[in-house]
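Data first, discussion second: the structure below is written as structure tokens.
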Amino acid sequence: MAIKIPPKQFFERPVYYKGTVTNIAGPHDDIIRPPYGEKLDYELELAVIIGKKGKSIAPTDAEEHVFGYLVYNDVSAREQLFEEVGPMSAGPAKGKDFDNSNIIGPWLVTRDEVPDPMNLKARVRVNGEVRGESSTSMMSHSIAEIIAYTSTGETLYPGEMIATGAMPYCCGIEDWKFLNDGDEVRLEIDGIGQMTNRVVPG
């Protein structure tokens, strides 16, 4: 199957979807393969925790609304995702939401400990092999742009988590390499931390 290039709108604004909080897992929990997860994939992202309430936040004011940062693995079942964002254009649902599909950790690093969140090196290892290396500087949209767009006409509250989206070269689908049962996935972002999770059958 050919990989579809994102439409131009993807690069014009930081579109997003909302996921359920009941599927959050920790830095050493298992990645549980769902029944439809033949092409199970990882996505290395930076997660932003909101620390100050705000609505229609200007990009220049976005930083003061950040409490801290986490490493985030947006585990994805690609076959299901293809169906959900294809002809129906309904957006991600079961392709992103299943038990332990939103993995965060290993700790929350406060904003003052991260001088430049838009210049953090990152890498993915599977069974010790480097599968991808990137940087937050390569993201299509800045953290400020993401917060500004997400808060447009909507109040953000302390404790909310916003993921930046996968950094380039940090998804298995880019090389059409997916996860097998028993694989050990290690995600790292310099200055934020690293976490390791093992794939297990559901």
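Between residue 23 and residue 176, what length comes free when the chain is fully extended (0.36 nm per residue of separation minus the Cα-Cα distance, one decimal in nm)?
52.6 nm
Can you tell me the dipole magnitude for segment 8-152 around its Cα centre, using point charges on the Cβ only (Lys, Arg +1; Asp, Glu -1), in Debye to the nearest 20?
Roughly 200 debye for segment 8-152.
Per the Kirkwood treatment, what hydrodynamic radius in Å, one decimal, follows for segment 133-202 from the mean inverse distance over all distinct Cα pairs?
Taking every pair of different Cα atoms in segment 133-202, averaging 1/r and inverting gives 14.8 Å.
Please state the relative contact order of the chain as a whole percent: Cα pairs under 8 Å, 6+ residues apart?
Over the chain, the number comes to 33 percent.
Could you pull out the pairs from 18/94; 121/177; 39/177; 18/55 whose alpha carbons sit more than 20 Å apart here?
Correct reply: 121/177.
Would you mind telling me the share, in percent, of accessible area of segment 57-202 contributed by carbon and sulfur at probe 1.4 angstrom?
Carbon and sulfur: 50 percent of the exposed surface of segment 57-202.
Using a cut-off of 20 Å between alpha-carbon atoms, which aspartates and glutamates can reach residue 52, once sequence neighbours fewer than 8 places away in the same chain are excluded?
61, 63, 64, 112, 113, 116, 145, 154, 160
With the convex hull built on the Cα atoms of segment 86-202, state its orientation-averaged projected area in nm².
9.1
Under 19 Å from the 7 Å Cα→Cβ point of residue 155, by amide nitrogen: which residues of segment 21-56?
The answer is 50-56, whose backbone nitrogens lie closer than 19 Å to the label point.
Gain in length, residue 94 to residue 67, computed as 0.36 nm per residue apart minus the alpha-carbon separation, to one decimal in nm?
Difference between extended and current length: 6.8 nm.
Using only the Cα atoms of segment 37-153, what do you get for the radius of gyration and for Dmax, in Å?
Considering segment 37-153 through its Cα atoms, Rg and Dmax are 15.9, 44 Å.
Just to confirm, what accessible area per residue do you get for segment 52-153 at 1.4 Å probe, in whole Å²?
48
The values are calculated or read from the model by the stated rules, or taken from the named source; none is laboratory data. Keep in mind it's a predicted model, so treat the numbers as computed, not measured. Note: ideal-geometry Cβ built from the backbone for every residue, glycine included; neighbour counts use all protein chains shown. Areas reflect the complete protein model, heavy atoms only, side chains present, ligands, DNA and RNA absent. Shrake-Rupley method; radii C 1.70, N 1.55, O 1.52, S 1.80 Å.
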